[in-house]
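Asker: One structure is given below, represented as structure tokens, and several questions about it will come after.
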Amino acid sequence: MSADPRTLSRVQIARLISGLERGDTAASSATAAVHGVSRVIGITGVPGAGKSTLVDALVALYRLSSARVAVIAVDPSSPLTGGALLGDRVRMNRHAADEGVFIRSMGSRGRKDGLGPAVQDSCRLLASASYDPVLIETVGVGQVELGVVECCDVRVLVLAPAWGDYIQAAKAGLIEMVDVIVVNKSDLPGAAALIQELEQVARRQDGTRSVKVVSAIATHGENGIREVRMAIDDAWSALAREGMRNRRLEALVSELVSRVTASFAVGPMRSAVEDGTTFRLAESVYNGQSSVHEAAGALFREAILRSGRRE
Amino acid sequence: MNKTPIRVVLGKFGLDMHDIGVKFVARGLREAGMEVIYLGPFQTADTVVGAATTEDVDVVAISNVSGEYMVYVPELLTKLRERDLDPVVIIGGLVPDKDKHVLLQLGVDGVFGQGSTLDSIVDFIRNAVAKRSAVQRA
Amino acid sequence: MSERNSASDVTWSGIPLKPFYGPSTPDSNYESKLGDPGVMPFTRAGHPEMYRKRLWITRQLAGLDTAAATNQRLRYLIANGQTGLAIVPDTPTQLGLDSDHPLGARSAGTQGVPLCTVDDMDRMLEGIDLRSITASFSVPGVSVPVLLGQLLAVAERRGVPWSALRGSFQNDPLQATHTCYDAGTPLELGMRLCADTMEHCARHVPGFHPTTVNAYDLRESGLNAAEEIGVAISMAQAYIEETLKRGLTIDQIGPGILLICAAHIDLFEEVAKFRAARRIWSRMMREHFGAKDERTCRLTLAVHTAGSSLFAQQPINNVVRGTVEAMAAILGGCQGLDLSAFDEPVDLPSEQAGMVALRTQQILALESGVANVVDPLGGSWYVEELTDEVERRTLAVMDEIAGLGGMVAAAKAGWLRRLMDERQWALQTSIESGERPVVGVNCHQISPEQDTLLSFRGEHPQPCKEQVEIVERFRSRRDAVAVRSALSALKSRVEAPSENLILPIKDAVEAGATLGEVLGEIRQAYGLQYDPVGAIVAGSTL
């Protein structure tokens, strides 16, 4: 595809994104490899913390100085039915008729890291079409939310008092990986205590990273999130001065690993399960004929062979 | 899960506040394997078309108990056509027979009045979307 | 044509009836758990005589497409002996939008009366003596303080002292939060306006019940009986606590709060629920809030039969359902009752359905004898144990809410939203699957051809263009300078968080500010979007 992405219409971009979600290789080749100058900001956190309300307020703020702002909002797909209730944009209704705001809702469609199958590609597409910033609101279901690490320049974690979110987030190792922690709904009881706790944790970092803890009341709109906006801008400026290259490389490494692991899992590993290969190897371990390590090695070699045949 | 889910934008026009029915439909469509982009109330033709555009949906579904839909629906259909968008459009809720005829004539694909079951809505959507993509491929 | 306004004191066969029946020698258990009707803890009834003295008020809701048309209807009802007027404002008014707002104009006057300006309020009440009527406004959300302001301004114009006004509002921001009626208004602002309204009425408009907590819509969302009253009473607690901060006593605030509950189809459980509600309320008032006046401890219960219990199939069956539910309300001692019309699942009530609803109540009251004795089910082993059990479960719900930091914190954290979504889904699926039997719907059905009234045959009313013109004319005739000045005075009061806003709101509407302009000004001062749906910007209407 040779058209300049900046000339694509919203309809065309939307259709390309659908193609990316379906895995159309033609669509993939249309996306540039890097974000360029666009800021990609990831917002993650558990349900109920008010992520969508926060994103809505951020969009309003950024829109004041930017002609094109994009949001990709990911929600979990049901593993049983494949369906999904994508309800994040309810909170962003005031932007729905604004031609300068592109909001795309995505189901996780089987991915377990908070992203959907086409989040990074869509993000690159939007960035190359001059959308800046691109806000990515990821699923927050308490699992390891490392997806936000894979694709975003600035990473924001949203928590709210009274739900023990801190514990979940700490378990997930997220506290160490983000740039900004927002304590939203900070008018609720327990907010001050949570902020204090988080600031202590943030201080315990090795000194090369600093995590900024801010409070917000996203339902108060732009007024309620000023600290958040400043913290994100500061984090971005710091990266732009130093570290952006490393961060984006880190993200690409992560993405390459995910992609290969995924295709490995989908193709050869699945076929090995389906045709009983894996089961037979398991039996050999169970019957004492081989060790687990030997069986795993054999499975690995078999999977390599199969993926070689597929290419 | 290999099949691409059907994508549906679902909302209510104007100031119609009764959202129990539409939430039930939202959940039901999800259970039927669709991606439901829930817009909620306060929708206008512009906001629905804006959503239908960026979300590249197969279906636009509107649920209304109050009668405002008769003002918004013609605008919606016109704007969709102007943008060259052709999703399946369905209207549900409290729709008298008289309005049903008018809506179908205007170009709405399906109308689901009081007492319509989830199953009938799901079946209709699946068939209508399949027909549309067959036409597009041809 | 004669009117009968009280229940009978003899049975059909002439057996004389006492006002109520109880143990010949009441023990301490009776006194503490039940008490006689009209006595703490009010389990048996709020008043000793109930319907012997006066039957519950029957109101017909009024809200036509303009203030003028509604005025005609109200004067007709008054001429026919009705003094209790139930006024339903249209949806734009409920949401705080003007009749000429881009979205408001498309539904102005279709589901109630538009009360956009002080002139609308004045016109609606033209020729009506404000001292002789009770006006209840079905408005839950932020428009309440503005409508109060309009009413106070109209009373001033007519030289009627505020202390002579009688009526009620819903004024229920926690409920509004969950039904979108508070669009664009965070709970914090809603609570402030609610407490401002309650404070102003407690001090200056004592004949008004400013707050009617809407337990009915909670039930309609699928919550069960204990959750319905547990959540509603917790909401009332939140409003009381907010208003107490203004330096009022519980005895000043308490009597101003009513509950409107559902009457659902399980008759005995509903009776137990009403009795448990009264007991819990009285103990909460006395023990938790330290009420000294018994009137504060007496819960005033209005009841609406459950719309969600009615179905489109074989609609005549809904008459039976309504009757059972009305019986539950009467046996449970409600002070006001609204019966859902049998065609409610498919349509706005027809004349015929409205008449059946009225006659059902009259037949129950005057022919059946169920209203003749207060708390007739009291003393039944079943009903007393059921009352205790409903009370226990209700207290458990209230404890859970208290553990989350109170109803406001629970609402902000999404607790109630999640509960309602869960219950709603479970209820609908249990009906679709047949697990919960509904005659004619999932059992004992008849074929659609044999059935009646399956589709909505009526017509949706058109939005009222005349009202849009009325408001446009109002804008062109008013003194824009005076409006701007009053709005800016309002703004400075908003910015001082301890200022009650009712008087500056009244001044603003008197100067000619519209509903949307007053609320927009307040929202802006809070740093929020001017228009809750984002369709217009500040200043565009001035």
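The values are calculated or read from the model by the stated rules, or taken from the named source; none is laboratory data. Small disclaimer: the values here were computed from a predicted structure and weren't measured. Using ideal geometry, Cβ is built from the backbone for each residue, glycine included, and neighbour counts are taken over all protein chains shown.
Asker: Go through (1) at negative phi; (2) buried (at least 24 other Cβ atoms within 10 Å of the Cβ) and name the single condition B:Val71 misses.
Answerer: That leaves (2) as the condition not met.
Asker: Determine whether segment A:84-96 contains at least one residue that is assigned to a loop (DSSP other than H, G, I, E, B), modelled with pLDDT of 90 or more and either on the phi < 0 side of the Ramachandran plot or not charged (D, E, K, R) (or both). Walk me through it before giving the result.
Answerer: Of the residues in segment A:84-96, the ones assigned to a loop (DSSP other than H, G, I, E, B) are A:87, A:96.
From what's left, modelled with pLDDT of 90 or more: A:87, A:96.
Filter once more, so that each one left must be either on the phi < 0 side of the Ramachandran plot or not charged (D, E, K, R) (or both): A:87, A:96.
Within segment A:84-96, one or more residues are assigned to a loop (DSSP other than H, G, I, E, B), modelled with pLDDT of 90 or more and either on the phi < 0 side of the Ramachandran plot or not charged (D, E, K, R) (or both).
Asker: Please go through segment C:315-328 and give me each residue that is in contact with a Ser or Thr (Cβ under 7 Å, 6 or more places away or on another chain) and touching a residue at least 60 places away in the same chain (Cβ under 8 Å), ordered by number.
Answerer: Listed by number, the residues that qualify are C:Pro315, C:Glu325, C:Ala326.
Asker: Right, another one. Got a sec? Which of A:Ser237, A:Ser307, A:Ser210 is under 30 Å from A:Gly116 (Cβ atoms) and modelled with pLDDT under 85?
Answerer: Only one candidate passes the filter, namely A:Ser307.
Asker: Also, I was wondering about something else. Can you give me the number of residues within segment C:508-529 that are in a helix (DSSP H, G or I), more than 14 Å from chain A (Cβ to nearest Cβ) and touching a residue at least 40 places away in the same chain (Cβ under 8 Å)?
Answerer: 8
Asker: Please go through segment C:79-99 and give me each residue that is over 15 Å from the mean Cα position of the chain (by Cα), more than 14 Å from chain B (Cβ to nearest Cβ) and either without any contact (Cβ under 8 Å) to a residue 40 or more places away in the chain or closer than 16 Å to C:Val113 by Cβ (or both), ordered by number.
Answerer: The answer is C:Ala79, C:Asn80, C:Gln82.
Asker: Give the residue, chosen from A:Gly48, A:Gly87, that is in contact with a Gly (Cβ under 6 Å, 6 or more places away or on another chain), within 27 Å of A:Val214 (Cα to Cα) and touching a residue at least 12 places away in the same chain (Cβ under 8 Å). Talk me through it step by step, then tell me what you get.
Answerer: Working: A:Gly87 fails: in contact with a Gly (Cβ under 6 Å, 6 or more places away or on another chain).
Being in contact with a Gly (Cβ under 6 Å, 6 or more places away or on another chain), within 27 Å of A:Val214 (Cα to Cα) and touching a residue at least 12 places away in the same chain (Cβ under 8 Å) holds for just one of A:Gly48, A:Gly87, which is A:Gly48.
Asker: Then there's this: Just checking, how many residues over segment B:32-71 are over 26 Å from C:Thr177 (Cα atoms) and within 14 Å of chain C (Cβ to nearest Cβ)? It would help to see each step written out before you state the result.
Answerer: First pass over segment B:32-71, keeping only residues over 26 Å from C:Thr177 (Cα atoms): B:32-35, B:49-50, B:52-60, B:70-71.
Adding the requirement that they be within 14 Å of chain C (Cβ to nearest Cβ) leaves B:32, B:50, B:70-71.
Looking only at that region, the number is 4.
Conditions (1) among the polar types (S, T, N, Q); (2) within 30 Å of B:Ser116 (Cα to Cα), marked per residue:
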site: C:Glu384; (1), (2): no, no
site: C:Arg393; (1), (2): no, no
site: C:Leu419; (1), (2): no, yes
site: C:Gly440; (1), (2): no, yes
site: C:Ser476; (1), (2): yes, no
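Asker: Taking the options A:Glu145, A:Glu137, name whichever one is at pLDDT below 90, crowded, with 23+ Cβ neighbours inside 10 Å and in the same structural domain as A:Val183 (by TED's automatic domain parsing).
Answerer: A:Glu145
Asker: Separate question: Would you confirm whether any residue within segment C:276-284 is within 14 Å of chain B (Cβ to nearest Cβ), surrounded by fewer than 20 Cβ atoms within 10 Å (Cβ to Cβ), out of contact with any Lys or Arg (no Cβ under 9 Å at 6 or more places or on another chain) and in contact (Cβ under 8 Å) with a residue 12 or more places away in the chain? Write out each step before concluding.
Answerer: We begin by selecting, within segment C:276-284, every residue within 14 Å of chain B (Cβ to nearest Cβ); these are none.
Among the residues of segment C:276-284, not one is within 14 Å of chain B (Cβ to nearest Cβ), surrounded by fewer than 20 Cβ atoms within 10 Å (Cβ to Cβ), out of contact with any Lys or Arg (no Cβ under 9 Å at 6 or more places or on another chain) and in contact (Cβ under 8 Å) with a residue 12 or more places away in the chain, which makes the answer no.
Asker: Scan segment C:182-216 for residues that are in contact with an Asp or Glu (Cβ under 9 Å, 6 or more places away or on another chain) and more than 24 Å from C:Glu499 (Cβ to Cβ) and jot them down.
Answerer: Of everything in segment C:182-216, those that are in contact with an Asp or Glu (Cβ under 9 Å, 6 or more places away or on another chain) and more than 24 Å from C:Glu499 (Cβ to Cβ) turn out to be C:Thr212, C:Val213, C:Asn214, C:Ala215, C:Tyr216.
Asker: Ok, one more. Does C:Ala486 fit the bill of being surrounded by 18 or more Cβ atoms within 10 Å (Cβ to Cβ), outside the structural domain of C:His204 (by TED's automatic domain parsing) and in a loop (DSSP other than H, G, I, E, B)?
Answerer: no
Asker: Here's another thing I want to ask about it. Report whether or not C:Arg123 is closer than 22 Å to C:Lys506 by Cα and outside any loop (DSSP other than H, G, I, E, B). Walk me through it before giving the result.
Answerer: Numbers: closer than 22 Å to C:Lys506 by Cα: yes; outside any loop (DSSP other than H, G, I, E, B): yes.
So C:Arg123 fits the description; yes.
Asker: Starting from segment C:239-255, keep only residues that are without any contact (Cβ under 8 Å) to a residue 60 or more places away in the chain, then list their pairs with residues that are basic (Lys, Arg) and surrounded by fewer than 17 Cβ atoms within 10 Å (Cβ to Cβ) whose Cβ atoms are within a distance under 7 Å, requiring at least 6 positions of separation or different chains.
Answerer: From residues that are without any contact (Cβ under 8 Å) to a residue 60 or more places away in the chain, the pairs are C:Asp251/C:Lys292; C:Pro255/C:Arg295.
Asker: While we're on this one: When C:Leu339 is evaluated against the numbered criteria (1) touching a residue at least 40 places away in the same chain (Cβ under 8 Å); (2) under 20 Å from C:Arg219 (Cβ atoms), which criterion, by number, is the only one it fails?
Answerer: Every condition holds for C:Leu339 apart from (1).
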